[in-house]
Structure formats: C-alpha cells, structure tokens
Amino acid sequence: MSNEKEPLFSAKNLKLLSEPLGQSNPITIQVLGICSALAVTVKLKPSIVLAISVLAVMAVSNVAISLLRKMVPPRIRIIVQLVIIATMVILVDQVLKAYAYDVSKQLSVFVGLIITNCIIMGRLEAFALGNKPWPSFLDGLGNAAGYGWILIAVAFFRELLGSGTLLDMQVIPQAFYDAGYVNNGMMILPPMALVVVGIIIWIQRARNKSLVED
Amino acid sequence: MRSFSNRYIFVFSLIMVTIVAVLLSFVSVQLKPRQDMNVQIEKKQDVLRSVGKAEQVAEAEDKNSYINEEFGLFITESYVIDFSGDLVEIDAFKVMLGLGAEIRRPQEERNYPVFVYSENGGPKKYVVPVRGKGLWGPIWGYVALEADLNTIAGAVFDHKAETPGLGSDINTGWFQEPFTGKTIFNEAGEFVSVEVMKGGADPSSMHQVDAISGGTITSKALEEMLKDCLTGYVAHFKAISQ
C-alpha cells in the first residue's frame with residue numbers, strides 16, 4: 001500500500017459507490033436482501049423510508065466496523081458486527097417511532113429485520129473489516145443505494161399497477177376505470193415483487209452480456 | 001492475523017456492550033414521551049374517525065394539536081363500566097391504551113371504556129373500542145353507536161400485520177362503510193352483533209356485512225372480536241336505552 005494520500009473521490013473510490021448500483025448490485029446480481037424487497041414494496045412510501053433506513057444503518061455500521069477493525073478479535077467478529085448493526089437498527093426504529101409514526105407502523109417488523117439483511121452483514125464482513133473508514137463509508141452508501149433503488153423501482157411499478165396510485169396519490173385517471181380498466185390485484189401480492197425483480201434482472205443481463213453466467 | 005488473548009476478548013465485549021447499553025437507554029428515554037404521544041394521538045384520531053370527525057387531518061398544519069382540539073371539542077364524556085354495567089372509577093383513556101391486556105382476561109372481569117360524542121349539544125353517539133386476534137397479529141377498531149345504542153353510526157378497524165391486500169383491507173373504506181346503519185340487537189332485543197359473511201352479505205339483513213375475499217380468517221376474526229368485545233356492553237346499553 002502506498003503512503004501517498006489518495007484523493008477523497010479517486011476513481012477507485014468512486015467505483016465503490018457506482019458499482020453496486022449496477023454491475024454488482026446487491027439485489028439483482030448478488031441476489032441478497034430479497035426478503036424485504038418482497039415485503040415492503042407494495043407501496044412507494046414505505047419502500048423509500050426503508051431504503052433510507054438501510055442507507056443510514058449500512059453507512060454508519062460500515063464506518064464503525066472499519067474504525068474498530070484492528071481492535072475486533074477475529075473470533076468474535078460476527079458477534080461484534082451483529083451488535084453494531086442491531087444498535088443502529090434499534091436507533092432507526094426508535095427515531096421512526098418518534099418522528100414518522102405512520103410510516104413506522106407500515107414498516108412494522110421490517111425495520112427490525114434490517115438486522116438480518118444479508119447485504120449489511122455481507123459488506124461488513126467482506127469490505128469494512130479490511131478497509132479504511134472512508135472507502136468503507138462509500139462502499140456502504142453504494143450498496144445501500146443499489147439496494148434502495150431496486151426497492152423503489154419495484155415499489156413504483158407495484159403501486160402504480162396494483163393500486164393505481166403513487167405515494168398514495170391517484171395517478172391513473174378515473175376515466176380509465178370508467179372505461180373498464182381494473183387495478184391488477186396480483187401486483188399487491190408478494191410473488192409479483194419477485195417477478196418484477198426478475199424482469200429487472202432480465203433487462204440488466206440482456207444489456208450487459210458479461211453478467212450472464214454459463 | 002494477530003491473535004487476541006481471552007482476557008482481551010472479555011474486556012472488549014464488556015466495554016462494547018456497556019457503551020451500546022448506555023447509548024440505547026439514553027435514546028429510548030429521550031424519545032419515549034414523543035412516542036407515547038404518537039400512540040395517544042392515534043387512538044384519539046381513531047375515536048374521532050369512527051364518528052366521522054377529524055377528516056381534515058391530512059391538511060392540518062399541526063396534526064397533534066388538531067387532533068387534541070377536535071377530541072376535546074367533540075368527545076364530551078368518557079367513562080368505564082364493568083360487565084354488569086356499573087361504573088368503575090378509572091380513566092377511560094388509560095383502559096383503552098391497555099386494551100390488549102384487558103381482552104386477555106375473562107369477559108366478566110374486564111373494564112369497558114365508553115367515549116361519548118356530541119356536537120354542540122346535539123344527539124349523542126357512543127364510541128367503544130374493540131380489540132381481538134387477527135391472522136398474524138392483533139386487530140382492533142372503534143365502533144360508534146347512535147343514541148339508540150343499537151344502530152352503528154360508523155366503524156373503523158385497523159391491524160398490526162394482516163396480509164397486505166387481503167386481510168389488511170379491514171382498514172379501508174369499502175370494508176368499513178357497510179357497517180354504518182347495521183344494528184347489533186335483533187327485533188326481539190337480543191344481542192346478535194354483526195356478522196361478516198363470506199360469499200356476500202344478504203342485502204336485506206341488518207346484521208351482516210361482506211367479508212373480504214381471500215381474507216376469510218381476518219374477516220372471521222373481526223366478527224369474533226366484535227362479538228367478544230360488544231357483549232360486555234350489553235347490560236350497560238340496555239340500562240341507558242330504557
């Protein structure tokens with residue numbers, strides 16, 4: 001490792017931020033965090049809040065683990081990671097309950113389930129334990145954003161087609177319903193989240209052949 | 001990789017959990033009043049919604065003071081009764097907040113809170129909270145009765161974790177609206193509650209509403225909840241409507 005100081009936004013660092021958005025997206029490429037993608041994407045609003053919550057948890061715990069990386073005994077590192085993630089999640093949950101009560105009710109158990117979100121543990125273990133705080137922070141942001149945008153994209157289509165609304169505002173005009181258009185009730189059910197994620201994966205791999213496994 | 005002694009591992013863990021514990025308790029204590037307030041405001045809002053008030057909550061600048069104001073204005077009286085209809089000297093609001101614990105006791109030992117609504121001295125409506133077990137978690141609601149203590153003036157329901165798009169629809173207007181105008185006593189004056197009918201309610205029946213397709217267990221649970229909770233009020237209702 002060189003002693004020269006790396007610029008904060010060097011090409012290497014920026015890659016940490018941009019790669020998880022596409023080429024190594026946690027949901028579509030690594031297929032992690034699917035459970036919450038199924039559960040909260042019926043409506044756009046909870047998806048956005050969950051995406052932001054994951055972003056906060058992930059960035060902070062990545063930095064925390066990175067700062068502690070030389071102190072954490074390898075034998076108990078998983079426990080340490082869990083404690084840090086759990087602490088962050090409880091904090092987020094408490095803050096939501098106090099300042100965004102309605103949304104926290106909708107998300108109910110899924111805020112708590114951020115703890116088990118495989119993406120977070122995965123990044124702590126694979127990246128933060130071996131890297132400095134700043135790259136870890138970017139890596140956390142990047143992966144959380146990669147997770148978040150898929151979540152929001154899926155929710156966009158599910159809410160639009162399933163309920164005819166976006167952020168609870170009616171967007172499909174009444175005239176459509178009068179002409180016989182019906183909301184697709186299937187979109188509300190969890191399996192359709194998988195199908196939408198599947199379509200996103202399909203589009204992504206069709207455009208980038210290097211992602212296709214043999 | 002550096003190896004760490006057992007002693008180090010113990011000390012490290014100890015320090016870590018202490019820091020975490022202090023941090024979490026501090027935050028919890030700091031945010032508690034706000035969280036409790038949110039819960040109370042929600043209950044007040046639900047009571048008001050069951051009598052068709054607090055409609056403009058989305059436009060209100062300060063939701064909390066709006067709800068508190070409306071609640072103070074329209075809910076003129078609240079009291080608690082026991083199974084035989086006698087008054088109990090406890091705060092009705094407190095009983096409602098603890099309704100989850102209340103419904104685990106046998107019907108005869110429960111306390112039953114009542115909220116009385118009246119607008120500008122007009123006819124009274126009686127709002128009673130109900131709570132029960134849904135498919136995945138608790139379900140609850142507020143039933144408002146007209147002054148005859150028989151006709152339902154409005155009902156709102158909500159749930160913790162019913163299946164989205166199916167059982168969860170108990171908190172939507174299309175499910176709740178048909179309750180309005182139904183009666184809980186039959187012509188002979190016997191308590192019959194309201195049935196949630198799978199396959200559609202008989203339109204001529206005064207005691208039936210449509211169930212949710214695909215949400216049968218939640219629908220039946222809701223019917224059970226109404227019966228279970230309203231039974232406790234029968235003695236009281238009969239006493240004051242005579």
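Computed from the coordinates by the stated procedures, all read-outs in this text should not be read as laboratory data. On a predicted model such as this, the values are computed, not experimentally measured, just so you know. A quick note on method: Cβ atoms are made from the backbone with ideal geometry, for glycine too, and the neighbour counts reach across all protein chains shown.
Peptide A:94-101 has a mean shielding of 5, counted as Cβ atoms of other protein chains within 10 Å of each residue's Cβ. Here A:Lys105 is the anchor, and the aspartates and glutamates within straight C-alpha reach of less than 14 Å, apart from those fewer than 8 places off in the same chain, are A:Asp93, B:Asp36, B:Glu42, B:Asp158, B:Glu162. Other residues within the sphere of radius under 10 Å centred on the Cβ of B:Glu102, judged by their own Cβ, net out at +3 (K and R +1, D and E -1). Amide H contacts for B:Met206 (H built 1.01 Å from N in the peptide plane; partners 5 or more residues away or on another chain; cut-off under 5 Å): none found.
Based on DSSP H segments of at least four residues, each scored -39500 (n - 2.57), chain B has a per-residue ellipticity at 222 nm of -12500 deg cm²/dmol. The relative contact order of chain B comes to 15 percent, based on Cα pairs under 8 Å that sit 6 or more residues apart.
Residue pairs exceeding 24 angstrom between C-alpha atoms, taken from B:Lys63/B:Lys227; A:Lys45/B:Lys227; B:Lys160/B:Lys198; A:Lys45/B:Lys125: B:Lys63/B:Lys227; A:Lys45/B:Lys227; A:Lys45/B:Lys125. Dipole magnitude for segment A:86-214: about 240 debye, using +1 per Lys or Arg Cβ and -1 per Asp or Glu Cβ, origin at the Cα centre.
In a Gaussian network model over chain A where Cα atoms closer than 10 Å are linked, find which of A:Ala39, A:Ala175, A:Ala86 has the largest mean-square fluctuation. Between A:Ala39, A:Ala175, A:Ala86, it is A:Ala175 that shows the largest mean-square fluctuation. Each of B:Pro33, B:Phe115, B:Ile217 was scored by the projection of its Cα onto the charge dipole of the protein assembly as shown, and the greatest displacement toward the positive side belongs to B:Pro33; charges sit on the C-beta of Lys, Arg, Asp and Glu.
The Cα-based radius of gyration and maximum Cα-Cα distance (Dmax) for segment B:143-227 are 12.4, 39 Å.
For segment B:27-98, the C-alpha radius of gyration sits at 1.28 times the compact-globule guess of 2.2 N^0.38 Å, with N the residue count.
Here the Debye sum runs over all C-alpha atoms of the protein assembly as shown as equal scatterers in vacuum, and log10 of I(q)/I(0) at q = 0.12 Å⁻¹ comes out as -1.10. Pairs of Cα atoms nearer than 8 Å and 6+ residues apart set the relative contact order; for chain A it is 34 percent. For the protein assembly as shown, a simple Cβ point-charge model (Lys and Arg +1, Asp and Glu -1, everything else neutral) yields a dipole of about 2660 debye relative to the Cα centre. Normalised by 2.2 N^0.38 Å, with N the number of residues, the alpha-carbon radius of gyration of chain B equals 1.26.
Give the cross-link partners of A:Lys12 among the lysines, using a straight C-alpha distance below 29 Å as the criterion and excluding same-chain residues fewer than 8 apart. Of all the lysines, those that pass the test against A:Lys12 - Cα under 29 Å, at least 8 places apart if same chain - are A:Lys70, A:Lys132, A:Lys209. Across segment A:116-125, coupling constants 3J(HN,Hα) worked out from phi with the 6.51/-1.76/1.60 Karplus curve, θ = phi - 60°, read 8, 5, 4, 4, 5, 4, x, 6, 4, 5 Hz, and Gly and Pro carry x. Over all projection directions, the Cα-based convex hull of segment B:108-166 averages an area of 5.7 nm².
Inter-chain neighbour count for B:5-11: the average number of beta-carbon atoms from partner chains within 10 Å of each residue's beta-carbon is 2. Spin-label model, B:Glu224/B:Val11: points 7 Å from Cα along the beta carbon direction are separated by 5.7 nm.
On full extension, the segment bounded by A:Ser24 and A:Gln204 gains 63.7 nm, given 0.36 nm per residue less the C-alpha separation. Candidates B:Ser78, B:His159, B:Ala201 compared by Cα position along the dipole of the protein assembly as shown: farthest toward the positive end lies B:His159, with charges placed on Cβ. Over segment A:113-214, the hull volume per residue, using the convex hull of the C-alpha atoms, is 167 Å³.
Taking all Cα-Cα distances within chain A, those exceeding 21 Å account for 58%.
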